[in-house]
């Protein structure tokens, strides 16, 4: 079986010839029709990467992958960022949310590249992390010195019509800024908080009494240059406990509230309505994402993340020429 499509779909992007790439019609996102990603070759993987860079996030439906096969697929796109397992809130005694007798399932050491995102509980163990509540807008691990370039999630168990993932293009948002606002923001940085996760829960071992101007985090440029496309990107991370150094806390909060409202406007968004067997692959450097809550319906995703590089401030061609 090859990865090319025998029937060309209407609305496909003619710039891709090895398989059909069908844009969502929103600012970002495309569905890539590949019969079986296990059969990818190097040329097809390069074309898929090109679609991912162009559209920010791609959905590949109808896949059947075990853990080893998902890792093999992810390896086409770079080295893996190995991360700690995500805790389920129902196992957090430190938060007072623990369910009696429930334990967090340990990492499967055969597949350290995989993180399980799930609310599923079986045999007294929470199989994954982050529960079933809403996850706020964020980019993954933005507080790292080298945030991931890509996140690749595979839908193992999906409650149909629930738990959609929303994406917002911070590349489009940066490109739509008025020139004076762009120049103003280019001179600023933002501290990406280490304390709270995307579910709004504090990580273990942090002092919660500190305000955002004093809490731990990594300072990153406000507008960065995408390392592959060269486009400017608003690098916001996540809102809670973010802080703009050099401003008062009140000034920082007002600016960040305004920027978050702007960057997540509907015109920059696309919603992925999950189906079992979907792969969702997004550019962690150019899009934010969030998850809608889905109650107690069982949902399980397997996730791998691809190592990235240190964010660099954006420099326009004019600024580069002036510096030279």
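The values are calculated or read from the model by the stated rules, or taken from the named source; none is laboratory data. Worth saying up front: this structure is predicted, and the values here are computed from it rather than measured. Virtual Cβ from ideal backbone geometry, glycine too; neighbours counted across all protein chains shown.
Within the option set 74, 133, being touching a residue at least 40 places away in the same chain (Cβ under 8 Å) and under 21 Å from residue 276 (Cβ atoms) holds for one residue only, 74. Filtering segment 70-85 to residues that are surrounded by fewer than 15 Cβ atoms within 10 Å (Cβ to Cβ) and within 19 Å of residue 155 (Cβ to Cβ) leaves only 72. Of all residues in segment 43-61, those satisfying the criterion of being out of contact with any strand residue (DSSP E or B) (no Cβ under 8 Å at 6 or more places or on another chain) and in contact (Cβ under 8 Å) with a residue 12 or more places away in the chain are 43, 44, 45, 47, 49, 50.
Okay, residues lined up against (1) in a strand (DSSP E or B); (2) surrounded by fewer than 19 Cβ atoms within 10 Å (Cβ to Cβ); (3) modelled with pLDDT under 95; (4) under 24 Å from the mean Cα position of the chain (by Cα):
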{"position": "182", "(1), (2), (3), (4)": "no, yes, no, yes"}
{"position": "192", "(1), (2), (3), (4)": "yes, no, no, yes"}
{"position": "205", "(1), (2), (3), (4)": "no, yes, yes, no"}
{"position": "208", "(1), (2), (3), (4)": "no, yes, yes, no"}
{"position": "211", "(1), (2), (3), (4)": "no, yes, yes, no"}
{"position": "214", "(1), (2), (3), (4)": "no, yes, yes, no"}
{"position": "219", "(1), (2), (3), (4)": "yes, yes, no, yes"}
{"position": "224", "(1), (2), (3), (4)": "yes, no, no, yes"}
{"position": "228", "(1), (2), (3), (4)": "no, yes, no, yes"}
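When residues in segment 261-280 are screened for being assigned to a helix (DSSP H, G or I) and more than 16 Å from the chain's Cα centre (by Cα), 4 of them pass. Filtered by the rule that a residue be in a loop (DSSP other than H, G, I, E, B) and surrounded by fewer than 21 Cβ atoms within 10 Å (Cβ to Cβ), segment 117-139 gives 120, 123, 124, 127, 133, 134. For segment 188-204, the set of residues classified as within 26 Å of residue 132 (Cα to Cα) and touching a helix residue (DSSP H, G or I) at 6+ places or on another chain (Cβ under 9 Å) consists of 199, 201, 202, 204, listed by residue number.
Between 267, 258, the distinction of being surrounded by fewer than 15 Cβ atoms within 10 Å (Cβ to Cβ) and free of Cβ contacts under 8 Å to residues at least 24 places away in the same chain belongs to 258 only.
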